[in-house]
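Following: one structure in structure tokens, then a few remarks.
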Amino acid sequence: MENTQQLNQSDQAQLSTFEMALRNFDMAADLLGLDSETRSQIRVPERELTANFAVKMRDGKFRMFTGYRVQHSTARGPAKGGIRYHPDVCLDEVRALASWMTYKCAVVDIPYGGGKGGVICNPKEMNELELENLTRRYATEISYIIGPTRDIPAPDVYTNPQTMAWIMDTYSMAKGEYCPAVVTGKPLSIGGSKGRNEATARGCVEVIAEAAKHLQMDLKGARVAIQGFGNAGAISARLIHDLYDAKVIAVSDTRGAVFNEAGFDPHRAIEHKERTGSVAGLPGTEAIPAETILTLDCEILIPAALENVITPCVANSVNARIVAEAANGPTVPEADSVLDQKGVFVLPDILANAGGVTVSYFEWVQNNSGFYWSEEEVNARLKDVMVTAFEKVLLTSKKYKVSMRRAAWGVALSRVAEALKARGIYP
Ligand code: GLU
């Protein structure tokens, strides 16, 4: 891990995460020949809120926290995107994440813009009561700009259905009415959708299966390495193993990485992590240095942790046929060309992890109609959306002879630009 961080710092010395997101934006705008007025309107976020607020801690004392909510675009519909609790959250990162949500929703063609929120905190050091107090205070701060037709939060790194339940309750109490559609990723008991919890991973595995078909690669026995063992990483491991008989050979989390060339049962890794708090020490595996997980010899690499981990230096050593980005922004732009030159087939984040927000959309539709679907129906509709988006991006990549990432950004940006042009400028 330490080595990876050192490489990251030296490789990306000058560019911030949002500036890196803008690189991809500019390439897509060039590809489309987008006029400079439209370009400058979409390039930057519409609205950014910074809130400093006091939270009552377990010792009865108040502590100050800083949180953000950025609405990048509402051209195609309400802003949509998760809330992240992490010590490294900053406005620049939230901006980047918000803009990726705009393009993610556009690439799978669901009627949303993009937004994101974050609070600078370390949830691993906070108890349940402190997390509830923090969430309710933050929800109150952002309640001025969120709402079922304005901006709809969801879980992201270190937030979960319980966090969403507190936000929904805080918002509903202030409004004096039941407002389930203000957040998605809620518990089933208060209007959550079946299939939402595993949706990011399921969508990711669906597009991996499509990519494998395209590359005439057999998923049965294909070796899979996964960086990050949270919601996206752990469930991707389980689904790719259970649905396609692929061989999970390595997984990692913040405390360590484990490896077994013969593969291991991801269910055991999930149980082990639930029991011990980490995948480290999983019986039947050997410990490997965390940074080597990205460069293991394998068929499928799934970065499912944080952004900026695949630097040009790491990309040089990537040994996978497919990189499926379950994380947001794991590959820095310079590393992208390295992967392209090496012939690695990259399933870009805005496509590969769009399953989560797609089922969030289904949840919101169910909340608005008050009619709830079966898990089979949710999964079938999710597959349909993911396969359609994959085909559109693949077709675009062939037509313009560009990478899957450029094609995905091109498809997404053209939809955002079209919506913006149709609406015009008010007043
Ligand atoms: N945080 C997830 C993402 O980055 C889900 C967002 C949502 O469901 O709104 O895509």
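At-a-glance table
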{"read-out": "For the stretch 321-395, size of Cβ-based charge dipole, Lys and Arg +1, Asp and Glu -1, in debye", "value": "140 debye"}
{"read-out": "Calculated FRET value between ASP245 and VAL44, using beta carbons and R₀ = 56 Å, to 0.05", "value": "0.75"}
{"read-out": "Cα-projected label distance for ARG268 with THR254, points at 7 Å along beta-carbon direction, nm", "value": "2.7 nm"}
{"read-out": "Antiparallel bridges, percent of DSSP beta bridges restricted to the stretch 225-330 (to nearest 5)", "value": "45 percent"}
{"read-out": "Given charges at Cβ of Lys, Arg, Asp, Glu: the chain dipole, positive-most of PHE390, SER337, SER172", "value": "SER172"}
{"read-out": "Förster radius 30 Å - calculated FRET efficiency between GLU418 and ASN368 (Cβ-Cβ, nearest 0.05)", "value": "0.75"}
{"read-out": "Where a label projected 7 Å from the Cα of LEU15 along Cα→Cβ would reach, residues of the stretch 71-95 with amide N under 18 Å", "value": "92-95"}
{"read-out": "Alpha-carbon centroid distance for the pair the stretch 170-189 / the stretch 372-427, whole angstrom", "value": "29 Å"}
{"read-out": "Among the listed pairs LYS213/LYS399; LYS116/LYS220; LYS116/LYS213, those beyond 30 Å (Cα-Cα)", "value": "LYS116/LYS220; LYS116/LYS213"}
{"read-out": "Alpha-carbon centroid distance for the pair the stretch 207-254 / the stretch 118-166, whole angstrom", "value": "30 Å"}
{"read-out": "Whether the stretch 155-274 is rounded, prolate or oblate, judged on the alpha carbon gyration tensor where a/c under 1.5 counts as rounded", "value": "prolate"}
{"read-out": "Hydrodynamic radius (Kirkwood) for the stretch 124-202, which is based on Cα pairs only, to one decimal in Å", "value": "12.9 Å"}
{"read-out": "Lysines whose Cα lies under 20 Å from that of LYS273, excluding same-chain neighbours fewer than 8 positions away", "value": "LYS124, LYS247"}
{"read-out": "Where GluC sites (Glu not before Pro) fall in DSSP loop in the stretch 190-299, at most 14 other Cβ within 10 Å", "value": "GLU261"}
{"read-out": "DSSP bridge pairs, the chain: antiparallel proportion in percent, nearest 5", "value": "50 percent"}
{"read-out": "Simple label model, 7 Å out from Cα along Cβ direction - PHE62 to LYS175, nm", "value": "2.8 nm"}
{"read-out": "Proxy reagent accessibility, fewest Cβ within 10 Å first, across PHE362, PHE371, PHE65", "value": "PHE371, PHE65, PHE362"}
{"read-out": "Debye, to nearest 20: dipole size of the chain, +1 on Lys, Arg Cβ, -1 on Asp, Glu Cβ", "value": "860 debye"}
{"read-out": "Given charges at beta-carbon only (K, R positive; D, E negative), |dipole| of the stretch 91-131 in Debye", "value": "200 debye"}
{"read-out": "Residue (of ALA234, THR285, VAL248) at the positive-pole extreme of the chain, dipole from beta-carbon charges", "value": "ALA234"}
{"read-out": "Fully extended contour minus Cα-Cα distance, from GLN216 to ASP297, at 0.36 nm per residue", "value": "27.3 nm"}
{"read-out": "Spherically averaged projected area in nm², based on the convex hull that wraps the Cα atoms of the chain", "value": "20.2 nm²"}
{"read-out": "Exposure proxy order (Cβ contacts within 10 Å, fewest to most) of LEU351, LEU32, LEU131", "value": "LEU32, LEU131, LEU351"}
{"read-out": "Projected label distance in nm at GLU375 and SER189, using a 7 Å step from Cα toward the beta-carbon", "value": "1.9 nm"}
{"read-out": "Charge dipole (the chain, unit charges on Cβ, about Cα centre) - positive-most of ASN127, THR276, VAL416", "value": "VAL416"}
{"read-out": "Anisotropy class of the stretch 82-174 from Cα gyration tensor, a/c 1.5 cut", "value": "oblate"}
{"read-out": "Proxy reagent accessibility, fewest Cβ within 10 Å first, across CYS179, CYS121, CYS204", "value": "CYS179, CYS121, CYS204"}
{"read-out": "FRET efficiency estimate (nearest 0.05) - Cβ-Cβ, LYS398 to SER317, R0 22 angstrom", "value": "0.20"}
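The numbers here are math on the coordinates, done by the rules we state, and not lab data. Note that the structure is predicted; figures quoted are calculated from it, not measured. Every residue, glycine among them, receives a Cβ derived from its backbone with ideal geometry; neighbour counts consider all protein chains shown.
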